[in-house]
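Remarks on the structure that follows.
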Amino acid sequence: MNRTTATTGLCALALGLVSLGLTAAPQASQATHERAAAASAPVGKLVPASELDAAWLEKARKAYPLKHCLVSDEDLGSMGKSPEFAYRVSGQPDRLVIFCCEGCEEDFLKEPAKFLAKVKPGADKPAEGKKEHAH
């Protein structure tokens, strides 16, 4: 009877460990996949405006659609001179990004795709039929 109880206990323990491994594997696999995707995403850097081609910078400024910071949504110029950068990713065209202050650069670099999605032509223009509100 002792041997049967011990065998049953060991079988139950083994079954529990196996089922834990089977349920944990998809979660581990998903986490591994997410890390790999993040690692394979193109990594860019911010290049200060002072290091950019003047003609490119002037053209990019004229086409820049935002009047507020990409990261904080504060009005550009509300905290002094707004830092300007080109976001540079190898194999892709540079993109102008303008922040309200130097503190926003670090937040931008954590999730550049999220913030770059805001830089679209017409992003700060009011929708048709709506008037812009005076502040």
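None of the figures in this text is laboratory data; all of them are computed from the coordinates on show. On a predicted model such as this, the values are computed, not experimentally measured, just so you know.
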Check: In the structure displayed, which of K81/K120; K45/K81; K81/K110; K59/K114; K45/K110; K67/K120 lie more than 19 Å apart, Cα to Cα?
Finding: K81/K120; K45/K81; K81/K110; K59/K114
Notebook entry, point to check: Any idea what the relative contact order of region 45-116 is, in percent, if you count C-alpha pairs under 8 Å spaced at least 6 apart?
Noted result: 34
Next item on the list: Provide Rg and Dmax in Å for region 43-111, with only Cα atoms included in the calculation.
Entry: 11.5, 34
